Amino acid sequence: MPALGIYIHWPFCRAICPYCDFNVHGAHHNQTSDDDWRRAYRAELQHAYGLRPTGKVETVFFGGGTPSLMAPDLVAAILADIDALWGLADNAEISLEANPVSAPRPHLQALRDAGITRLSLGVQAFHDDALKALGRTHSAGEAKQAFLAAQDIFDTASFDLIYARPLSAISTNQSAQEMEAGLAAWQEELSAALALSPQHMSLYQLTLEPDTVFYQRAAQGRLAVPHEEMAAALYEVTQDLCMAAGLPAYEISNHAMAGHYCRHNFAIWHGADYVGIGPGAHGRLTINGQKHASMAHKQPHIWRAACLENGHGWHNLTALSAQEAAEEAVMLGLRLSDGIAVQDLAQRGVALAASKLDALKQDGLLMRRDDVVQASPRGRLLIDYIIGRLLV
Ligand SMILES: C[S@@+](CC[C@H](N)C(=O)[O-])C[C@H]1O[C@@H](n2cnc3c(N)ncnc32)[C@H](O)[C@@H]1O
Ligand code: SF4
């Protein structure tokens, strides 16, 4: 049985950012004791164990929301439950996402003592005005302090940045000078970020997600983001700077020094099983030889009540069809710098038509080296389009 990862979702944040569409809820809504949370997480872990009991747990990922708001005792208790069920591998990678506002050094140390080995900090920007525009409640200085502490304390410390951020002036027709100034500003910010010697960085281009404040503002003409050409140029500059600093991309948005990939996400992107625990968490489990997708209730109180009453908060556990499994494998694989091995996919029941691969290669969107297919630099910006042509 292949290695297993476990994702634990903590759904609360002190403030909800105007661009974020994750399953997040204001922390002031959390009136539940940690004992009750522990009971709910434990019940769902036991349920998942009943379905997929084999294989040691190689990675755990506490994501959110803002899991740095969790009490270290709760984190330790969840890890103890995982260890008692599947067993945690000796060198397990245990990641936790943190917000600089809830990451003072003693708290980070307590999380380390609870078992966290890898911290991923949501910095978003290293300029105070940009942080304000993103609706963040911390300064660049506070984010930097939190990151320096994380570097001292954890085996791996990573930070997230968002680029291609809203433009300060609303102009849909960006001039060459504006483009140059935007590129230079990002180059300077990223260079300063790289000077902190991170082992890992997640660099996301801002996405305007439906049902967010930013999306509404953009629809009303009150917010503009860089146009496609500018976004592509920002992406190129990002790749060049990170490569030169020894942190090449191993996935579209993820960069790492050798030996510091996020093992949890890397395994998922290669199709490994993972258990999704907590409100709104998704999972992928091989049951009786077939990949299944689990989906949990998003509302924390509904999820918790379901866990306590039925032993789990999943409202859906569905077997993936061959087409769904194929789409997922190709979509994840093309986001990886390693690309996808055609033979590997074929063994998983996913056949890619040679004629379609050739056509996409001719259009400059895919590259092929023997058995391996990779998205070209231009193709990486058009993954959805490629999938559409490859799989339909
Ligand atoms: C769960 S959060 C990280 C931890 C913590 N909640 C925080 O924000 O500090 C995951 C990351 O997703 C990224 N993100 C969220 N919404 C995004 C969007 N609309 N576009 C690009 N990146 C986004 C941010 O970089 C964020 O740090
Ligand atoms: S970006 Fe992070 S802090 Fe902001 S709402 Fe999303 S999960 Fe919460």
Output the number of residues of the stretch 158-199 satisfying the condition of being at pLDDT 95 or above and either out of contact with any Ser or Thr (no Cβ under 8 Å at 6 or more places or on another chain) or not assigned by TED's automatic domain parsing to the domain that holds Glu229 (or both).
11
Could you run through the stretch 368-380 and say how many residues are in contact with a helix residue (DSSP H, G or I) (Cβ under 7 Å, 6 or more places away or on another chain) and over 15 Å from Ala233 (Cα atoms)?
4
Residue ID - farthest from Ser294 (Cα to Cα), chosen from residues in the stretch 17-65 that are of a type in the set (Val, Ile, Thr) and either free of Cβ contacts under 8 Å to residues at least 40 places away in the same chain or more than 11 Å from ligand 1 (Cβ to nearest atom) (or both):
Thr32
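Each row is one residue, and each column tells you yes or no for (1) assigned to a helix (DSSP H, G or I); (2) within 17 Å of the chain's Cα centre (by Cα); (3) touching a residue at least 24 places away in the same chain (Cβ under 8 Å).
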residue: Asp240; (1), (2), (3): yes, no, no
residue: Gly280; (1), (2), (3): no, yes, yes
residue: Cys307; (1), (2), (3): yes, no, yes
residue: Ala329; (1), (2), (3): yes, yes, yes
residue: Leu334; (1), (2), (3): yes, yes, yes
Conditions (1) closer than 19 Å to Leu121 by Cα; (2) modelled with pLDDT under 95; number of the one not met by Pro226
(1)
Any idea which of (1) under 21 Å from Ile252 (Cα atoms); (2) surrounded by fewer than 19 Cβ atoms within 10 Å (Cβ to Cβ); (3) touching a strand residue (DSSP E or B) at 6+ places or on another chain (Cβ under 9 Å) is the one Ala329 doesn't satisfy?
(2)
When you look at Ala92, is it more than 12 Å from ligand 2 (Cβ to nearest atom), under 21 Å from the mean Cα position of the chain (by Cα) and of a type in the set (Gly, Ala, Ser), yes or no?
yes
Among the residues of the stretch 66-79, which ones are more than 8 Å from ligand 1 (Cβ to nearest atom) and assigned to a loop (DSSP other than H, G, I, E, B)?
Met70, Ala71
Does Gly65 qualify as being at positive phi and in the same structural domain as Phe147 (by TED's automatic domain parsing)?
yes
Qualifying residue in the stretch 124-133 (condition: within 13 Å of Thr66 (Cα to Cα), modelled with pLDDT of 95 or more and within 13 Å of ligand 1 (Cβ to nearest atom))
no
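Going through the stretch 317-367 one residue at a time, which ones are of a type in the set (Asp, Glu) and under 22 Å from Leu382 (Cβ atoms)? Spell out the reasoning first.
Filtering the stretch 317-367 for residues of a type in the set (Asp, Glu) gives 324, 327-328, 338, 344, 358, 363.
If the condition is that a residue be of a type in the set (Asp, Glu) and under 22 Å from Leu382 (Cβ atoms), then Glu324, Glu327, Glu328, Asp338, Asp358, Asp363 are the ones that fit.
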Hydrophobic (A, V, I, L, M, F, W, C), buried (at least 17 other Cβ atoms within 10 Å of the Cβ) and within 16 Å of ligand 2 (Cβ to nearest atom) - does that describe any residue in the stretch 47-58?
no
Contacts under 6 angstrom Cβ, first residue in the stretch 126-142 being of a type in the set (Asp, Glu), partner away from ligand 1 (no atom under 13 Å from the Cβ) and assigned to a helix (DSSP H, G or I), 6 or more apart:
Asp128/Ala140
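The values are calculated or read from the model by the stated rules, or taken from the named source; none is laboratory data. The model shown is predicted, which means the values in this text are computed figures rather than measured ones. All Cβ positions, glycine included, derive from the backbone under ideal geometry; neighbour counts span all protein chains shown.
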